[in-house]
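The structure under discussion appears below in the form of structure tokens.
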Amino acid sequence: MDIQKIGVIGAGQMGNGIAHVMAVANYEVLLNDVNQDALDVAMQTIRKNLVRQVGRGKISESEMEAAMARITPTMKLPDLGRTDLVIEAATEREMIKQAIFEDLVPHLQPHTILTSNTSSISITRLASRTDRPERFMGFHFMNPVPVMKLVELIRGIATDEDTFQACKGVVDRLGKTSATAEDFPAFIVNRVLIPMINEAVYVLYEGVGSVKSIDEALKLGANHPMGPLELADFIGLDTCLAIMNVLYDGLADTKYRPCPLLTKYVEAGWLGRKSKRGFYDYSGDVPVPTR
């Protein structure tokens with residue numbers, strides 16, 4: 001299948017990153033969001049990140065302007081009906097994703113492939129709420145999208161081979177590497193990563209170490225580029241908690257029980273970098289541990 005036009009639903013951190021890399025790879029992109037301000041911020045963010053790539057010699061100024069011209073922001077979800085591939089990158093809530101697909105399906109071309117950038121939710125279950133489960137799969141980018149090389153491709157139980165190969169072809173054209181995952185809670189990366197973060201929160205909760213000592217221990221002792229609590233703040237503590245709950249509910253194993261301290265931070269609205277406070281306080285020039 002020849003994919004030329006791509007629709008991206010959600011103009012947040014993941015959505016604008018996906019639109020960015022697709023436009024650089026010469027795809028026509030329709031970027032959708034329910035909020036015009038979010039679309040405006042997304043276009044500004046994409047331009048800023050492209051300027052950074054120009055400064056590093058990754059692309060030329062003319063390539064940057066051409067990429068920007070390939071992205072069309074829209075608040076009208078039906079506009080995405082004329083695309084060949086849709087990547088949903090809305091908030092990590094299953095009911096919201098299901099509602100988006102139900103609203104979009106009546107406007108789609110018969111050949112359009114539907115995908116979700118979900119980091120943990122069942123692809124099979126999302127696909128079952130559409131008219132094309134055979135042309136539905138998981139298309140999970142890593143954050144930040146323009147920098148990270150991996151994309152998880154997740155087949156639902158009904159996903160056909162042509163759909164998989166078409167999506168793999170897109171990943172190849174982006175210059176990224178695909179990892180094929182089966183449709184089980186949190187797939188590969190987050191099945192390993194998020195429980196590690198949750199355990200780090202338990203270490204903090206039990207008083208084994210402070211925020212600083214836990215992060216330094218993993219950076220210097222395990223050669224991780226970021227400490228687990230610093231990484232949790234970067235991902236978003238609400239996202240980490242949501243994934244832990246998907247693992248806990250989906251696998252029914254107590255080893256995936258979210259740490260009460262993680263739940264408390266989310267209840268307080270301390271979500272990490274995006275709220276200026278999480279395991280670190282980001283209100284000043286330098287992040288300061290909050291515990």
(request) Only one of these is touching a residue at least 40 places away in the same chain (Cβ under 8 Å), crowded, with 23+ Cβ neighbours inside 10 Å, more than 19 Å from D84 (Cβ to Cβ) and among the hydrophobic types (A, V, I, L, M, F, W, C): A181, A200, A186. Name it. (result) A186
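Taking segment 108-127 only, how many residues are touching a residue at least 40 places away in the same chain (Cβ under 8 Å) and in contact with a Pro (Cβ under 8 Å, 6 or more places away or on another chain)?
Qualifying residue count, segment 108-127: 3.
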(request) Determine if segment 244-251 includes at least one residue that is in contact (Cβ under 8 Å) with a residue 60 or more places away in the chain, surrounded by 18 or more Cβ atoms within 10 Å (Cβ to Cβ) and within 19 Å of the chain's Cα centre (by Cα). (result) yes
(message) Among the numbered criteria (1) of a type outside the set (D, E, K, R); (2) modelled with pLDDT of 95 or more; (3) in a loop (DSSP other than H, G, I, E, B), which one does A200 miss?
(response) (3)
(request) Select from segment 146-197 the residues that are under 26 Å from R257 (Cα atoms) and in a strand (DSSP E or B) and write down the one among them that is farthest from the chain's Cα centre (by Cα). (result) A181
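Please find, within segment 274-291, the residue that is nearest to M14 (Cα to Cα) out of those that are surrounded by fewer than 16 Cβ atoms within 10 Å (Cβ to Cβ) and out of contact with any Asp or Glu (no Cβ under 8 Å at 6 or more places or on another chain). Steps first, answer last, please.
First, pick out the residues of segment 274-291 that are surrounded by fewer than 16 Cβ atoms within 10 Å (Cβ to Cβ): 276, 281, 283-286, 288, 290-291.
Those left that are additionally out of contact with any Asp or Glu (no Cβ under 8 Å at 6 or more places or on another chain): 276, 281, 283-286, 291.
Working: K276: 19, D281: 23, S283: 23, G284: 25, D285: 25, V286: 25, R291: 29 Å.
Ranking the candidates gives K276 first.
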(message) Being over 18 Å from the mean Cα position of the chain (by Cα), assigned by TED's automatic domain parsing to the domain that holds I194 and either charged (D, E, K, R) or on the phi < 0 side of the Ramachandran plot (or both) narrows it down to one residue among T239, T254; which is it?
(response) T254
(request) Go through I46, I59 for me and flag whichever is β-branched (V, I, T) and buried (at least 22 other Cβ atoms within 10 Å of the Cβ). (result) I46
(message) Suppose we filter A66, A99, A38 for residues that are modelled with pLDDT of 95 or more and either surrounded by 22 or more Cβ atoms within 10 Å (Cβ to Cβ) or within 26 Å of D172 (Cβ to Cβ) (or both); which single one remains?
(response) A66
(request) From I46, I87, grab the single residue that is touching a His at 6+ places or on another chain (Cβ under 6 Å), of a type in the set (A, V, I, L, M) and under 24 Å from V151 (Cβ atoms). (result) I46
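In segment 206-238, what count of residues is obtained for those that are free of Cβ contacts under 8 Å to residues at least 12 places away in the same chain and part of a helix (DSSP H, G or I)? Explain how you work it out, then say what you get.
Taking segment 206-238 and keeping what is free of Cβ contacts under 8 Å to residues at least 12 places away in the same chain, we get 206-209, 213, 216-217, 219-226.
Still in the list and also part of a helix (DSSP H, G or I): 213, 216-217, 219-221.
The total comes to 6.
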(request) Answer with yes or no whether L80 is closer than 21 Å to A11 by Cα, assigned by TED's automatic domain parsing to the domain that holds V54 and free of Cβ contacts under 8 Å to residues at least 40 places away in the same chain. (result) no
(request) Take the residues in segment 113-137 that are among the hydrophobic types (A, V, I, L, M, F, W, C) and outside any strand (DSSP E or B), then tell me which one is surrounded by the fewest Cβ atoms within 10 Å (Cβ to Cβ). (result) I121
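Scan segment 162-174 and give yes if some residue there is under 24 Å from P225 (Cα atoms) and surrounded by 14 or more Cβ atoms within 10 Å (Cβ to Cβ), otherwise no.
Just the residues of segment 162-174 that are under 24 Å from P225 (Cα atoms), to begin with: none.
No: zero hits.
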(message) For segment 255-273: of the residues being in a helix (DSSP H, G or I) and among the aromatic types (F, W, Y), which is surrounded by the fewest Cβ atoms within 10 Å (Cβ to Cβ)?
(response) Y256
(message) Just to be sure I understand the filter: pairs with C-beta atoms under 6 Å, separated by 6 or more residues or on different chains, first member in segment 152-176 and farther than 19 Å from Q4 by Cβ and free of Cβ contacts under 8 Å to residues at least 40 places away in the same chain, second member among the polar types (S, T, N, Q) and not in a helix (DSSP H, G or I). Which pairs pass?
(response) L153/S178; L153/T180
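The values are calculated or read from the model by the stated rules, or taken from the named source; none is laboratory data. All values derive from a computational prediction rather than experimental measurement. Ideal geometry is used to build each Cβ from the backbone, glycine not excepted, and the neighbour counts take in all protein chains shown.
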